[in-house]
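Enquirer: Below is the structure I would like to discuss, written out as structure tokens.
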Amino acid sequence: MDLERFRERFGDKVKIDKNILTLADKKDLIRVVKFVSKYFDVLYMLIVVHRPPKFELNYIFSRYQDQEIIQIKVEISDKENIASISNVFKSAEWEEREAYDMFGIVFRDHPDLRRILLPEDWPGHPMRKDFVVTEEIKHWTGLDLKF
Amino acid sequence: MGEIELNIGPVHPATHGVLRLKARVEKDTVLGGDVEIGYLHRAMEKIAEQRLFNSFFPNVDKLEYVSALNWEILYASVLEKALGIDIPPRAKYIRVILAEIQRIMSHLIFIGAFGQDLGNITVFTWALRERELLMDIVEKISGGRLAPMYLRVGGTEYDLPEGFDSMILPVLDRLEEKVNKDYKAVTYENSLFKMRTKGVGVLTRDTVKKYGITGPNMRASGIERDLRRSEPYFVYDSLDFDIPVEDAGDSYARFMVRIREIQESIKILRQAVRALPKGNYINKQPWMFKIPPTEAFVRQECPRGEGAMFLVTDGGMKAYRLKIRSPSFYTVQAMPEIIKGARVADLFTIIASLDPVMGEVDR
């Protein structure tokens with residue numbers, strides 16, 4: 001796919017390197033993603049990388065007619081929230097729930113932002129780099145038991 | 001009688017693991033539902049950050065216990081891409097052979113479990129009997145059965161055993177005969193089987209595209225796409241095989257795609273065994289190694305769809321972040337939409353025909 005289209009449309013708001021688009025500002029995310037949805041069918045993966053004090057969100061989009069993929073990279077501070085893209089790409093719904101579950105990122109306007117893999121009363125968000133795996137966590141059962 | 005909520009699972013013999021389905025039911029029609037996952041979550045991605053790259057191989061086996069070798073190959077490939085190393089031609093062929101053996105084994109489990117859910121125990125025992133033949137071969141190759149731990153960065157742990165072709169070729173002949181004759185009689189040419197599966201749980205092309213469903217489920221809905229063909233890795237571009245596609249999108253089509261994929265895998269295996277080159281089988285790497293800061297993304301065609309791994313490294317001996325894309329995760333996400341309007345009795349047919357493996361969904 002010709003990524004020049006993105007350069008024409010968004011100018012210096014995006015930085016293009018091969019098939020990786022880096023957004024300068026997280027506010028542009030929804031606009032860029034809507035533009036992506038003209039050419040791509042589905043959110044293929046959402047990869048969150050915690051580099052304290054920042055989260056790096058990598059959205060990979062793919063389409064069914066060929067093997068093109070595009071990766072959109074956006075950085076947010078680990079205390080901020082970000083807009084949900086699930087009303088543009090339906091498959092983002094569970095991926096964003098997983099990101100919330102594992103990292104505690106709040107996605108604004110998400111229809112159903114709950115934990116997905118962990119129990120509802122799990123303490124904390126385990127994939128964050130500042131999450132400490134204590135003895136208590138290792139033996140966590142959800143019940144009031146003492147080991 | 002009004003609407004009731006019917007809870008199925010998480011521990012139920014027909015949900016193929018620990019899938020919990022909360023269906024809203026009126027009389028015997030399903031109005032909708034909600035899926036709950038996470039009962040088999042084992043923190044695989046967190047463990048990957050705490051182990052040496054090579055020490056994570058045993059965990060990849062348990063990630064998806066029905067097609068362990070495919071995921072091992074995927075994990076080895078992502079490490080090789082991050083390291084920027086190439087593997088010898090023999091190793092490529094060995095990996096193709098292993099991937100196809102595992103694909104057949106995985107589809108046989110599907111056929112067996114599907115038969116069992118329809119009340120057809122005969123095909124369940126038959127499928128496990130044929131799988132056992134391949135299981136013995138995997139055992140002779142690697143020493144393991146469900147969890148082989150055979151792959152290494154740069155190749156494989158050992159070479160294939162002596163006389164490998166005389167071991168596998170008779171098994172393939174037998175398997176082909178069974179799939180084409182015996183299985184045909186009790187499943188896909190059987191009128192009862194057709195009644196239970198045709199038109200049940202139709203997955204439309206739009207739903208496939210909306211949720212990102214891949215693999216046999218997608219091909220049963222009329223989309224021709226296979227990473228082995230369109231983005232060939234290893235030696236798939238030099239092998240001759242077809243991509244089975246069905247248009248109906250129902251449970252029967254999903255079954256047929258898998259039956260025909262077994263036949264194609266047999267074809268691939270025969271070619272790969274014949275063309276297997278001599279020589280080195282591993283580009284040996286040290287047990288402990290560092291990977292400079294980089295990002296690597298690899299995707300391959302696993303039996304349940306497109307599996308992918310995204311590895312982020314920081315120059316250390318452990319992964320900084322490893323994200324696993326499980327194809328079943330996306331299929332299960334679409335389940336509420338697929339079961340809408342179905343009969344309660346067909347619910348298990350639909351779940352079984354989508355072939356989710358919860359170990360892979362929950363990671």
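The values are calculated or read from the model by the stated rules, or taken from the named source; none is laboratory data. For clarity, every value in this text was computed on a predicted model and none was experimentally measured. Cβ placement follows ideal geometry from the backbone for every residue including glycine, while neighbour counts extend to all protein chains displayed.
Enquirer: Looking at segment B:272-288, which of its residues are among the polar types (S, T, N, Q) and either surrounded by 17 or more Cβ atoms within 10 Å (Cβ to Cβ) or more than 28 Å from the chain's Cα centre (by Cα) (or both)?
Expert: Restricting attention to segment B:272-288, the residues satisfying the condition of being among the polar types (S, T, N, Q) are B:280, B:283, B:285.
Scanning segment B:272-288 gives B:280, B:285.
Enquirer: Kindly indicate whether residue B:229 is part of a helix (DSSP H, G or I) and either of a type outside the set (Asp, Glu) or at negative phi (or both).
Expert: Yes, satisfied.
Enquirer: Say we look at segment B:190-199 and pick out the residues that are in a loop (DSSP other than H, G, I, E, B) and within 25 Å of the chain's Cα centre (by Cα); which of these is surrounded by the most Cβ atoms within 10 Å (Cβ to Cβ)? Steps first, please.
Expert: From segment B:190-199, those in a loop (DSSP other than H, G, I, E, B) are B:190, B:198-199; that's our starting set.
Then keep just the ones that are within 25 Å of the chain's Cα centre (by Cα); that gives B:198-199.
Details: B:198: 12, B:199: 14.
Filtering first and then ranking leaves B:199.
Enquirer: Can you pull out every residue in segment B:26-71 that is aliphatic (A, V, I, L, M) and either in contact with a Cys (Cβ under 8 Å, 6 or more places away or on another chain) or closer than 30 Å to residue B:344 by Cα (or both)?
Expert: From segment B:26-71, those aliphatic (A, V, I, L, M) are B:30-31, B:35, B:37, B:40, B:43-44, B:47-48, B:52, B:60, B:63, B:66, B:68-69; that's our starting set.
Listed by number, the residues that qualify are B:30, B:31, B:35, B:37, B:40, B:66.
Enquirer: In addition: Looking at segment B:289-337, which of the residues that are among the basic types (Lys, Arg) and without any contact (Cβ under 8 Å) to a residue 40 or more places away in the chain is surrounded by the fewest Cβ atoms within 10 Å (Cβ to Cβ)?
Expert: Let us first name the residues in segment B:289-337 that are among the basic types (Lys, Arg), namely B:290, B:299, B:304, B:318, B:321, B:323, B:325.
Of the ones still in play, those that are also without any contact (Cβ under 8 Å) to a residue 40 or more places away in the chain are B:290, B:325.
On the way: B:290: 13, B:325: 25.
Step by step, filter segment B:289-337, then rank; the result is B:290.
Enquirer: If I ask for residues that are surrounded by fewer than 21 Cβ atoms within 10 Å (Cβ to Cβ) and at pLDDT below 90, which ones from segment B:248-266 would you list?
Expert: Listed by number, the list holds a single entry, B:248.
Enquirer: Right, here's the next one. From the set of residues in segment B:127-154 that are assigned to a helix (DSSP H, G or I) and touching a Phe, Trp or Tyr at 6+ places or on another chain (Cβ under 7 Å), which is surrounded by the most Cβ atoms within 10 Å (Cβ to Cβ)? Walk me through how you get there before you give the answer.
Expert: The first filter runs over segment B:127-154 and keeps only residues assigned to a helix (DSSP H, G or I), leaving B:127-142.
From what's left, touching a Phe, Trp or Tyr at 6+ places or on another chain (Cβ under 7 Å): B:141-142.
Values: B:141: 24, B:142: 21.
Only one residue tops the list, namely B:141.
Enquirer: Taking residue B:245 and the conditions (1) in a loop (DSSP other than H, G, I, E, B); (2) modelled with pLDDT under 90; (3) more than 30 Å from residue B:55 (Cα to Cα), which numbered condition does it fall short on, given that it satisfies the others?
Expert: Going through (1) in a loop (DSSP other than H, G, I, E, B); (2) modelled with pLDDT under 90; (3) more than 30 Å from residue B:55 (Cα to Cα) one by one, residue B:245 breaks only (2).
Enquirer: Which of (1) under 21 Å from residue B:327 (Cα atoms); (2) touching a residue at least 12 places away in the same chain (Cβ under 8 Å) does residue A:90 not meet, given it meets every other one?
Expert: Result: residue A:90 passes all but (2).
Enquirer: If you scan segment B:311-343, which residues turn out to be out of contact with any helix residue (DSSP H, G or I) (no Cβ under 8 Å at 6 or more places or on another chain), part of a strand (DSSP E or B) and of a type outside the set (A, V, I, L, M)? Reasoning before the result, please.
Expert: Here is the first cut: in segment B:311-343, the residues out of contact with any helix residue (DSSP H, G or I) (no Cβ under 8 Å at 6 or more places or on another chain) are B:312, B:314-317, B:325, B:336, B:340-341, B:343.
When the remaining residues are screened for being part of a strand (DSSP E or B), the result is B:312, B:325, B:343.
Passing the criteria: B:325, B:343.
Enquirer: Taking segment A:77-92 only, how many residues are aliphatic (A, V, I, L, M), facing chain B (nearest Cβ under 10 Å) and touching a helix residue (DSSP H, G or I) at 6+ places or on another chain (Cβ under 8 Å)? Explain how you work it out, then say what you get.
Expert: At the first step, the residues of segment A:77-92 found to be aliphatic (A, V, I, L, M) are A:82-83, A:85, A:88, A:92.
Checking the rest, the ones that are also facing chain B (nearest Cβ under 10 Å) come to A:92.
Right, trim to touching a helix residue (DSSP H, G or I) at 6+ places or on another chain (Cβ under 8 Å) and you get none.
Result for segment A:77-92: 0.
Enquirer: I've got another one for you. Tell me whether segment A:123-145 contains one or more residues that are of a type in the set (Phe, Trp, Tyr), more than 9 Å from chain B (Cβ to nearest Cβ) and under 16 Å from the mean Cα position of the chain (by Cα). Full working, then the answer.
Expert: In the first step, residues of segment A:123-145 are kept if they are of a type in the set (Phe, Trp, Tyr); the result is A:131, A:140.
Next cut, more than 9 Å from chain B (Cβ to nearest Cβ) only: A:140.
Filter once more, so that each one left must be under 16 Å from the mean Cα position of the chain (by Cα): none.
Checking segment A:123-145: not a single residue is of a type in the set (Phe, Trp, Tyr), more than 9 Å from chain B (Cβ to nearest Cβ) and under 16 Å from the mean Cα position of the chain (by Cα).
Listed here are the residues, each with its yes/no results for (1) crowded, with 18+ Cβ neighbours inside 10 Å; (2) within 12 Å of chain B (Cβ to nearest Cβ); (3) more than 13 Å from the chain's Cα centre (by Cα).
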| residue | (1), (2), (3) |
| --- | --- |
| A:12 | no, no, yes |
| A:38 | no, no, yes |
| A:51 | no, yes, yes |
| A:57 | yes, yes, no |
| A:71 | yes, yes, no |
| A:94 | yes, yes, no |
| A:105 | yes, no, no |
| A:117 | yes, yes, yes |
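Enquirer: Pull up segment B:205-232, narrow it to residues that are among the hydroxyl-bearing types (Ser, Thr, Tyr) and under 24 Å from residue B:361 (Cβ atoms), then point me to the one that is nearest to the other protein chains (Cβ to nearest Cβ). Don't jump to the end; show me each part of the working.
Expert: Of segment B:205-232, the ones among the hydroxyl-bearing types (Ser, Thr, Tyr) are B:207, B:211, B:214, B:221, B:230.
Narrowing the set further to residues that are under 24 Å from residue B:361 (Cβ atoms) leaves B:207, B:211, B:214, B:221.
Numbers: B:207: 9, B:211: 5, B:214: 9, B:221: 11 Å.
Looking at the filtered set, the residue picked out is B:211.
Enquirer: Then there is this: Considering each of A:88, A:32 in turn, give the residue that is of a type in the set (A, V, I, L, M, F, W, C) and buried (at least 17 other Cβ atoms within 10 Å of the Cβ).
Expert: Values: A:88 fails: buried (at least 17 other Cβ atoms within 10 Å of the Cβ).
Among A:88, A:32, only A:32 is of a type in the set (A, V, I, L, M, F, W, C) and buried (at least 17 other Cβ atoms within 10 Å of the Cβ).
Enquirer: Considering segment A:17-27 alone, what residues qualify as being under 19 Å from the mean Cα position of the chain (by Cα) and either surrounded by 16 or more Cβ atoms within 10 Å (Cβ to Cβ) or in a strand (DSSP E or B) (or both)? Lay out the reasoning, then the answer.
Expert: Quick first cut of segment A:17-27, residues under 19 Å from the mean Cα position of the chain (by Cα) only: A:19-27.
If the condition is that a residue be under 19 Å from the mean Cα position of the chain (by Cα) and either surrounded by 16 or more Cβ atoms within 10 Å (Cβ to Cβ) or in a strand (DSSP E or B) (or both), then A:20, A:21, A:22, A:23, A:26 are the ones that fit.
Enquirer: If you don't mind, another one. Anything in segment B:27-48 that is surrounded by 14 or more Cβ atoms within 10 Å (Cβ to Cβ), part of a strand (DSSP E or B) and within 11 Å of chain A (Cβ to nearest Cβ)? List them, or say none.
Expert: Scanning segment B:27-48 gives B:35, B:36.
Enquirer: Are any of the residues in segment B:1-16 within 14 Å of residue B:357 (Cα to Cα) and either within 14 Å of chain A (Cβ to nearest Cβ) or not in a loop (DSSP other than H, G, I, E, B) (or both)?
Expert: Within segment B:1-16 (the criterion being within 14 Å of residue B:357 (Cα to Cα) and either within 14 Å of chain A (Cβ to nearest Cβ) or not in a loop (DSSP other than H, G, I, E, B) (or both)), the answer is yes, since at least one residue qualifies.
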